[in-house]
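Asker: Quick one: structure below, then a few questions.
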Amino acid sequence: MADVLIVDDSVFMRTVIRDMLQKDPTITVAGTAADGIEALEKIRTLQPDLITLDIEMPKMNGLELLKELRNVRPRPKVLMLSSLTSKDAEMTEKAIRLGADDFMLKPRDMPHVRDIADELTAKIRHLITLAVPVLHHPQRDDLARPAAQRVVLIGSSAGGPPMLDSLLAGLPADLPAGVIITQHMPAGFTAPLAARFDRIANMPVKETENGDLLETGKVFVSKAGFHTIVSAAITETGVRTGRIVHTQTPPVHGVRPAVDKTFESAAQVFGKNIVSVILSGMGNDAGDGAFAIKQAGGLSFVCDEKDCLVYGMARSAMKRNAVDQVLPLEKIPDAVERAVMQMERAYV
């Protein structure tokens, strides 16, 4: 059972959200709040498992509340509810940087607000079941890292960001591979997502830039609005590695970046020195990519359905017979580390 606090300055929205949530037997509405100050008081009193959070509110807005939540224990999970206007998008980006666990869009037209009921309850149930990673600020050196000769590729979509929190928190700082995450998101949202991951992961995390060389022990988040292509590159010392190339060729499966684009291109460069991971996501993106990795001699893991919000991407890889193991989320970091350590140190 999940206890939820609804935080929104609109009486209408608080009423509608409460009505939607109360229809789910696994969710209890612990209370509502009209602004951040009231919400902070009720969070300390009611200790909800999760809050749904609006951004623009009087007295204390959603971003200010997120800053205050850094000092609250136990801290509830936070699901942002925002309209994707240009202003709301910018503020939602900031909310992700400040530690919001996930976000979803509110319809701008009131008659369609109730259309989000199924997605809202599903996201809440999914967030509640995931473990909370420890937020920290790892002490890392700024020295150049060796070019990556092994690579971990992660594909993710709806329901993926909180799963990525857990996965990245479990990967070791000295993982001898580069990591690329391709997460379906609107343009502008992957930079703050990378910044949030950087606070959680044991390795440094950054959004991809065109021309980035893959480095050992570094995580790259595919920039939204571009496909992340991995091309072969040779360093000045003669090491063969991969380079990030951004392209704005048409969307694949209706998305850009597409997981298939990253997986397929990386398979041509890294061959059997790839391990891929497919997390929650709808649609068929990742199936062709996982098949290309399988053909190249690499490994592909998918997350167990019980840990995923949506299972379309994982199922697309299974249909191609391209999956080596199905694992619960908590076991994926160790499996990835073992797979990487078993790879050959160099490849042809």
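Asker: Please go through region 267-282 and give me each residue that is within 23 Å of the chain's Cα centre (by Cα) and either modelled with pLDDT of 95 or more or buried (at least 19 other Cβ atoms within 10 Å of the Cβ) (or both), ordered by number. Steps first, answer last, please.
Answerer: To start, the set of residues in region 267-282 that are within 23 Å of the chain's Cα centre (by Cα) comprises 267, 274-282.
The answer is 267, 274, 275, 276, 277, 278, 279, 280, 281.
Asker: Here are 49, 102, 54: which of them is within 17 Å of residue 14 (Cβ to Cβ), acidic (Asp, Glu) and either in contact (Cβ under 8 Å) with a residue 24 or more places away in the chain or touching a strand residue (DSSP E or B) at 6+ places or on another chain (Cβ under 9 Å) (or both)?
Answerer: Numbers: 49 fails: within 17 Å of residue 14 (Cβ to Cβ); 102 fails: within 17 Å of residue 14 (Cβ to Cβ).
The match here is 54.
Asker: Only one of 189, 197 is over 19 Å from residue 242 (Cα atoms), surrounded by fewer than 24 Cβ atoms within 10 Å (Cβ to Cβ) and within 11 Å of the chain's Cα centre (by Cα); which?
Answerer: Details: 197 fails: surrounded by fewer than 24 Cβ atoms within 10 Å (Cβ to Cβ).
Step by step, each of 189, 197 is checked, and only 189 is over 19 Å from residue 242 (Cα atoms), surrounded by fewer than 24 Cβ atoms within 10 Å (Cβ to Cβ) and within 11 Å of the chain's Cα centre (by Cα).
Asker: Tell me the residue from 200, 244, 229 that is touching a helix residue (DSSP H, G or I) at 6+ places or on another chain (Cβ under 9 Å) and within 19 Å of residue 285 (Cβ to Cβ), please. Steps first, please.
Answerer: Working: 200 fails: within 19 Å of residue 285 (Cβ to Cβ); 244 fails: touching a helix residue (DSSP H, G or I) at 6+ places or on another chain (Cβ under 9 Å).
The conditions single out 229.
Asker: Name the residue, out of 115, 88, 141, that is at pLDDT below 80, out of contact with any strand residue (DSSP E or B) (no Cβ under 9 Å at 6 or more places or on another chain) and acidic (Asp, Glu).
Answerer: On the way: 115 fails: at pLDDT below 80; 88 fails: out of contact with any strand residue (DSSP E or B) (no Cβ under 9 Å at 6 or more places or on another chain).
Just a single option satisfies the conditions, and that option is 141.
Asker: Mind checking which strands (runs of 3 or more DSSP E) fall wholly inside region 8-99 and carry at least 1 residues that are within 19 Å of residue 199 (Cα to Cα) and of a type in the set (Lys, Arg)?
Answerer: 77-82
Asker: From the set of residues in region 234-266 that are small (Gly, Ala, Ser) and under 22 Å from the mean Cα position of the chain (by Cα), which is surrounded by the fewest Cβ atoms within 10 Å (Cβ to Cβ)? Working first, answer last.
Answerer: Let us first name the residues in region 234-266 that are small (Gly, Ala, Ser), namely 238, 242, 254, 258, 265-266.
Now restrict to residues that are under 22 Å from the mean Cα position of the chain (by Cα): 254, 258, 265-266.
On the way: 254: 11, 258: 26, 265: 22, 266: 29.
Looking at residues that are small (Gly, Ala, Ser) and under 22 Å from the mean Cα position of the chain (by Cα), I get 254.
Asker: Of the residues that sit in region 291-315 and are over 19 Å from the mean Cα position of the chain (by Cα) and not in a loop (DSSP other than H, G, I, E, B), which one is surrounded by the fewest Cβ atoms within 10 Å (Cβ to Cβ)? Don't jump to the end; show me each part of the working.
Answerer: The first filter runs over region 291-315 and keeps only residues over 19 Å from the mean Cα position of the chain (by Cα), leaving 291-299.
Then keep just the ones that are not in a loop (DSSP other than H, G, I, E, B); that gives 291-296, 299.
Details: 291: 22, 292: 22, 293: 27, 294: 20, 295: 12, 296: 18, 299: 24.
Per the criteria, the residue is 295.
Asker: Give region 25-34 a look and list any residue that's buried (at least 19 other Cβ atoms within 10 Å of the Cβ) and out of contact with any Lys or Arg (no Cβ under 6 Å at 6 or more places or on another chain), or say none.
Answerer: The answer is 27, 30.
Asker: Quick one: is residue 80 aliphatic (A, V, I, L, M), out of contact with any strand residue (DSSP E or B) (no Cβ under 6 Å at 6 or more places or on another chain) and at pLDDT below 95?
Answerer: Details: aliphatic (A, V, I, L, M): yes; out of contact with any strand residue (DSSP E or B) (no Cβ under 6 Å at 6 or more places or on another chain): no; at pLDDT below 95: yes.
Spelling it out, it is not the case that residue 80 is aliphatic (A, V, I, L, M), out of contact with any strand residue (DSSP E or B) (no Cβ under 6 Å at 6 or more places or on another chain) and at pLDDT below 95.
Asker: Which residues, taken from region 319-333, are touching a residue at least 12 places away in the same chain (Cβ under 8 Å) and either surrounded by fewer than 17 Cβ atoms within 10 Å (Cβ to Cβ) or not in a helix (DSSP H, G or I) (or both)? Spell out how you get there, then give the answer.
Answerer: First, the residues of region 319-333 that are touching a residue at least 12 places away in the same chain (Cβ under 8 Å): 319-330, 332-333.
Passing the criteria: 319, 320, 321, 322, 323, 324, 325, 326, 327, 328, 330.
Asker: Same structure, new question: Within region 40-47, is there a residue that is within 18 Å of residue 123 (Cα to Cα) and modelled with pLDDT of 95 or more?
Answerer: The initial filter retains those residues of region 40-47 that are within 18 Å of residue 123 (Cα to Cα), namely none.
No: zero hits.
The values are calculated or read from the model by the stated rules, or taken from the named source; none is laboratory data. This is a predicted model, so every value here is computed, not measured. Every residue, glycine among them, receives a Cβ derived from its backbone with ideal geometry; neighbour counts consider all protein chains shown.
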